[in-house]
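The values are calculated or read from the model by the stated rules, or taken from the named source; none is laboratory data. It should be emphasised that the depicted structure is a prediction, and the values quoted were computed from it without experimental measurement. Glycine gets a Cβ as well: all are built from the backbone with ideal geometry, and neighbour counts include every protein chain shown.
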Amino acid sequence: MPDHDDLYAALLARDPGYDGRALVGVTSTGIFCRLSCPARKPRRDNCRWFADAAAARAAGFRPCLRCRPEGQVPPLVATLGAALAADPARRWSEADLTALGHDPSTVRRLFRQHLGTSFLQLARAARLRAGLTTLTQGGRMIDAQLDARFDSASGFRQAFARLFGHAPHQMRGAADLRADWIDTPLGGMIAIADDDALHLLEFTDRKALPQGLRRLSVMAGGRIGLGRTAVTDRAEAALARFFAGSDGRLDLPVRLRGTPFQTRVWQELQAIPAGRTRSYAQLAAAIGHPTAVRAVAAANGANRLALVVPCHRVIGTDGSMTGYAGGLWRKERLIALERGYGIT
C-alpha cells in the first residue's frame, strides 16, 4: 500500500483513483470509507488504512452508508458524487454532463440504481439547501435565490413550494413550529419541531412530503416557520450517532398526530428494537387487531416521523422487502445498518 502521507493526501483530495486500492478506517467513528467519500474528512491521527473491506471489518470498523465501500459503486457515480460534494451550489445540467463526456441517460440510470434518485435531482436539492440556509438565517429572498443559483425568483419559489408545500414568504416570521434541513448519509431530511417535541422528520425526496407538510400546517393552525429549536439540534445529533453505528435508539420526544388506531400502530413501531423486524401481521396482532393488516399497513404509510418511528423495520410475512415511502433502497440499507447493532 502507499505510505500514510500519500493516502491521507488522496483522502483530502477525495481521489477516486484510489477506489479499490485502499480504504480508510476512522477511529473516532468506527466507520470505514472509500478515500473518495464525500463526508467531512477526519484528522490524520484518527485514520487507519486497509487494503480491503474484509480487513477493515476484521479490525472492528463498520462500512460507511454514504460511500458504500463494500459495494460496487461505479466510478462515474463516485466521480460525480465527489464533484457535487466539492461544489454543492453549482448549477448542473445535462449539457454539463455531456461536456464532461458522459451520457446523461447513463448518469441518470446509474444514480437511480445506486442512490435512488438522479444526479440532477441531487444537485437541485443541494442548491435548494443553500437557499434554505440563507432564509433560515434571516437573509433576503433575493439572496436566497442567488445562493441557490436559480435564474428567477418564481423558479426558486416554485421549487421551494414543491418541497415544503408552502411558498417561502409564508414561512417567514413568528411561528410555533420550525422547519429545517438535516443532512444524512441517505439524503437530506426535513425536520419540524417546537420547543418540546419533533413533529415531522421526512426525507426530502419523498413524494408525499409537501402534502404532509400542508396537513401538518393545518393541524398547527398554519404556524410553521423556518429555523430550528433545541429539539432539532438533538435530532441531528441522534441521527449522526445512528448512522455512525453507535446508537440505534433515536430516543427523541415526538408528537404523534393521528387517529387513535394510527397512534397505537406508531407506538408499537417504536417498540421494535434496532436490528429486528416485524411483519404487518405480527404488528396487527401486537396491537390486538390481528385481522387489521391492511389498516396497519396504511398507518405505516401515514407515518411522518421516519426512522424515529421506524416503519422501515416492517417487512413482508415471507421476509420480502415491502413498500417504503422513503424508497426500498433506503429500507435495505437501514436494515443492513441496524444488523450491526448486535441485536438478534
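Failed condition for Asp318, given (1) acidic (Asp, Glu); (2) loosely packed, with under 14 Cβ neighbours inside 10 Å; (3) touching a helix residue (DSSP H, G or I) at 6+ places or on another chain (Cβ under 9 Å), with all others met?
Of (1) acidic (Asp, Glu); (2) loosely packed, with under 14 Cβ neighbours inside 10 Å; (3) touching a helix residue (DSSP H, G or I) at 6+ places or on another chain (Cβ under 9 Å), only one is false for Asp318: (3).
Counting just the residues of segment 286-324 that are of a type in the set (Ser, Thr, Tyr) and either over 23 Å from the mean Cα position of the chain (by Cα) or over 26 Å from Gly187 (Cα atoms) (or both), which one comes out modelled with the lowest pLDDT?
Thr317
List pairs: first in segment 264-285 and in contact (Cβ under 8 Å) with a residue 60 or more places away in the chain and closer than 20 Å to Arg339 by Cα, second crowded, with 16+ Cβ neighbours inside 10 Å and of a type in the set (Ser, Thr, Tyr), Cβ under 7 Å, 6+ apart or cross-chain?
Correct list of pairs: Ala274/Tyr341; Gly275/Tyr341.
Output the residues belonging to segment 35-77 that are closer than 25 Å to Asp103 by Cα and either in contact (Cβ under 8 Å) with a residue 60 or more places away in the chain or not in a loop (DSSP other than H, G, I, E, B) (or both).
Arg66, Pro75, Leu76, Val77, listed by residue number.
Within segment 279-322, track down each residue that is touching a strand residue (DSSP E or B) at 6+ places or on another chain (Cβ under 7 Å) and among the charged types (D, E, K, R).
Once the filter is applied, which keeps residues that are touching a strand residue (DSSP E or B) at 6+ places or on another chain (Cβ under 7 Å) and among the charged types (D, E, K, R), segment 279-322 yields Arg304, Arg313.
Return the total of residues in segment 209-231 being out of contact with any Pro (no Cβ under 9 Å at 6 or more places or on another chain) and at pLDDT 90 or above. Step through it out loud before you land on a result.
To start, the set of residues in segment 209-231 that are out of contact with any Pro (no Cβ under 9 Å at 6 or more places or on another chain) comprises 209-225, 227-230.
Now narrow it down to the ones that are at pLDDT 90 or above: 229-230.
Matching residues across segment 209-231 total 2.
Report every pair of residues separated by at least 6 positions or lying on different chains whose Cβ atoms are under 7 Å apart, first residue within segment 286-311 and buried (at least 23 other Cβ atoms within 10 Å of the Cβ), second of a type in the set (Gly, Ala, Ser) and part of a helix (DSSP H, G or I).
Hits for this filter: Val296/Ala284; Arg304/Gly212.
Scan segment 188-221 residue by residue and report those that are over 28 Å from Ala123 (Cα atoms) and free of Cβ contacts under 8 Å to residues at least 24 places away in the same chain.
Step one: of segment 188-221, the residues over 28 Å from Ala123 (Cα atoms) are 194-197, 218-221.
Across segment 188-221, the qualifying residue is only Val218.
Report whether or not Ala85 is surrounded by fewer than 19 Cβ atoms within 10 Å (Cβ to Cβ) and in contact with a Pro (Cβ under 7 Å, 6 or more places away or on another chain).
It is true that Ala85 is surrounded by fewer than 19 Cβ atoms within 10 Å (Cβ to Cβ) and in contact with a Pro (Cβ under 7 Å, 6 or more places away or on another chain).
Tell me whether segment 160-176 contains one or more residues that are acidic (Asp, Glu) and either buried (at least 18 other Cβ atoms within 10 Å of the Cβ) or under 15 Å from the mean Cα position of the chain (by Cα) (or both).
No, there is no match, as no residue in segment 160-176 is acidic (Asp, Glu) and either buried (at least 18 other Cβ atoms within 10 Å of the Cβ) or under 15 Å from the mean Cα position of the chain (by Cα) (or both).
Taking segment 237-268 on its own, how many of its residues are within 28 Å of Gly319 (Cβ to Cβ), among the hydrophobic types (A, V, I, L, M, F, W, C), in a helix (DSSP H, G or I) and out of contact with any strand residue (DSSP E or B) (no Cβ under 7 Å at 6 or more places or on another chain)?
Total satisfying the criteria: 5.
Ala325 - would you say it is closer than 23 Å to Ile192 by Cβ, in contact (Cβ under 8 Å) with a residue 12 or more places away in the chain, in contact with an Asp or Glu (Cβ under 9 Å, 6 or more places away or on another chain) and not in a helix (DSSP H, G or I)?
Yes.
Considering Arg206, Arg234, which residue is surrounded by 15 or more Cβ atoms within 10 Å (Cβ to Cβ) and at pLDDT 85 or above?
Among Arg206, Arg234, only Arg234 is surrounded by 15 or more Cβ atoms within 10 Å (Cβ to Cβ) and at pLDDT 85 or above.
Every residue, every condition in (1) surrounded by fewer than 19 Cβ atoms within 10 Å (Cβ to Cβ); (2) not small (Gly, Ala, Ser), yes or no:
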position: Phe61; (1), (2): no, yes
position: Ala95; (1), (2): yes, no
position: Asp103; (1), (2): yes, yes
position: Ala123; (1), (2): no, no
position: Gln137; (1), (2): yes, yes
position: Ala144; (1), (2): no, no
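Check segment 240-254 and report whether any residue there is of a type in the set (Val, Ile, Thr) and either over 30 Å from Pro168 (Cβ atoms) or not assigned by TED's automatic domain parsing to the domain that holds Thr322 (or both).
No, there is no match, as no residue in segment 240-254 is of a type in the set (Val, Ile, Thr) and either over 30 Å from Pro168 (Cβ atoms) or not assigned by TED's automatic domain parsing to the domain that holds Thr322 (or both).
If you check every pair at least six apart or on different chains, which have Cβ atoms under 6 Å apart with a residue in segment 143-162 that is under 12 Å from Arg124 (Cα atoms) first and a residue that is assigned to a helix (DSSP H, G or I) and of a type in the set (D, E, K, R) second?
The qualifying pairs are Ala148/Arg127; Arg149/Arg127.
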